[in-house]
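Here, each number is a calculation from the coordinates, and none is a lab measurement. Everything quoted here is computed from the prediction, not taken from an experiment. Cβ sites come from the backbone with ideal geometry, for glycine too, and all protein chains shown count toward neighbours.
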Amino acid sequence: MFSKRLSYRRLLAATLAAALAVGLMIGLSIGPASAQVIPGAAAATPLVIGHRGAPGYRPEHTLASYELAIRMGADFIEPDLVSTKDGVLVARHENEISTTTNVADHPEFADRLATKTVDGLSLTGWFTEDFTLAELKTLRAKERLPDVRPNNTIYDGRFPIPTFQEVIDLAARYRVGIYPETKHPTYFDSIGLSLEEPLVATLRANGLDGADAKVFVQSFETTNLRQLNRVIDVPLVQLIGGTGAPYDLVAAGSDLTYDDLVTQAGLRQIARYADGIGPDKNRIVPRDAAGFLLEPTALVDNAHVAGLLVHPYTFRAENMFLPMDFRIGTDPNRYGDIAAEYELFFGLGVDGLFADQPDIAVYARRLATDEAA
């Protein structure tokens, strides 16, 4: 178990020194017009990825959230992609949109309320695949966590749902990268709205399908990443949940789990079709039953040996999301010492991370870089 005052600081100093000495920080070299993945090579700075934009300050997956993340210094912005009824990719964390839009306030869509099974879970609500893009554009986003982030609710009803193309256009204006995730690809395949073909077509139409593009594509499933690896050259990232298994494998009757994917053998298999992993951060530094940090695992080093980048998720500043070591006070919604958590992970040699408050991540990265130097 870590003591924030003693063990953590010793670990941070040691891991920063080790990372600097052996060049474990693998990542992207970001220039004004391109970014290139160089597996196995040292990089000066790990990436800050605006997770759904900057949802600590604006409702997630809105152009306002993405733009704020960029202005805060994020290197990449992350749109989760789902499909409309007419096959247009839009940015929503889930295809069920009752918690992130005002759809329930639209009586003209009352008859679209439905119960569906998505990745084995029964959900009741409104689903993007039952709306055309024109219909979705009449809705407005709202804060998904109003009790945790009440300040964000002042923006409820102000921002439309962006298309993938609109996110690309925004990123192009600011010359930053995009990090799309295909959500529930097996489910969307099952209803005839495959995500991968329009994703590839959109990237190609924007000249973003080459290895030098500022693009990562990520997924919690494996089959679609293997398919994408055959048709597109952008780096691919296998997301790895803290528990469970990729749904495509579950649906196929496989007993392979995320635990199997993070073994050395599993990482070697991932390296055959992907360029990196996006693990739950607790797979890198686990917590005990009380929520305190345990010793780090070897996942970062093992992934690097396999030639894979490591971009853990999700870093959030509120106490409820932090290990006990970094909480401040007892209010679960108060900010804790997220900078210390960032420093810890940067010191362990991650190549980037997903942040809900990108400004604090950028600040902590500077501190970690200065300390390592």
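Hey, what angle do you get for helix 196-205 against the long axis of the chain, alpha-carbon based, 0 to 90 degrees rounded to 10?
80
Which one, Pro150, Val250, Leu344, is farthest towards the positive end of the dipole of the chain when Lys and Arg carry +1 and Asp and Glu -1 on their Cβ?
Leu344
Give, rounded to the nearest 20 debye, the magnitude of the charge dipole that the chain has about its Cα centre when Lys and Arg contribute +1 at Cβ and Asp and Glu contribute -1 at Cβ. Before the final figure, lay out each step's value.
On the way: 34 positive and 48 negative charges, 169 e Å.
Dipole size: approximately 820 debye.
Report relative contact order for the chain in percent, whole number only (criteria: Cα-Cα under 8 Å, sequence separation at least 6).
Numbers: 790 pairs, mean separation 78.1, N = 373.
In percent, rounded to a whole number, it is 21.
Under the classification rounded if a/c is under 1.5, otherwise prolate if a/b is larger than b/c and oblate if not, where does the range 105-252 fall, given a ≥ b ≥ c as square roots of the Cα gyration tensor eigenvalues?
Working: a/c = 1.66, a/b = 1.22, b/c = 1.37.
Oblate, because a/c is 1.5 or more while a/b does not exceed b/c.
How large is the translational diffusion coefficient of the chain in µm² per second when you combine the Kirkwood radius over alpha carbon pairs with Stokes-Einstein at 4 °C and 1.567 mPa s? Kindly include the intermediate steps, with their values, before the conclusion.
Numbers: Rh = 21.0 Å.
Stokes-Einstein gives a translational diffusion coefficient of 62 µm²/s.
Nearest 10 degrees, 0 to 90: what angle lies between the long axis of helix 358-372 and the longest principal axis of the chain (Cα atoms)?
20
Tell me whether the range 108-166 comes out rounded, prolate or oblate; compute the Cα gyration tensor, take square roots of the eigenvalues as a ≥ b ≥ c, and use a/c under 1.5 as the rounded threshold.
Oblate is the answer for the range 108-166, as a/c is 1.5 or above yet b/c matches or exceeds a/b.
Using a Gaussian network model of the chain whose springs link C-alpha atoms within less than 10 Å, name the residue from Gly276, Gly291, Gly50 with the highest mean-square fluctuation.
Fluctuation is largest for Gly291.
Please list, by residue number, every one of the trypsin sites (Lys or Arg not before Pro) in the range 266-373 that is coil in DSSP and has at most 13 other beta-carbon atoms within 10 Å. Walk me through the numbers on the way to the answer.
Numbers: sites: Arg268, Arg272, Lys281, Arg283, Arg287, Arg316, Arg327, Arg334, Arg365, Arg366; in loops: Arg272, Arg316, Arg327, Arg334.
Listed in order of number, the matching sites are Arg272, Arg334.
Just list whichever of Lys85/Lys137; Lys116/Lys183; Lys116/Lys137 have alpha carbons separated by over 20 Å in the model shown. Kindly include the intermediate steps, with their values, before the conclusion.
Values: Lys85/Lys137 13 Å; Lys116/Lys183 15 Å; Lys116/Lys137 23 Å.
As for pairs spanning more than 20 Å Cα to Cα, those are Lys116/Lys137.
Given springs between every Cα pair under 10 Å in a Gaussian network model of the chain, which of His51, His311, His93 has the largest fluctuation?
His93
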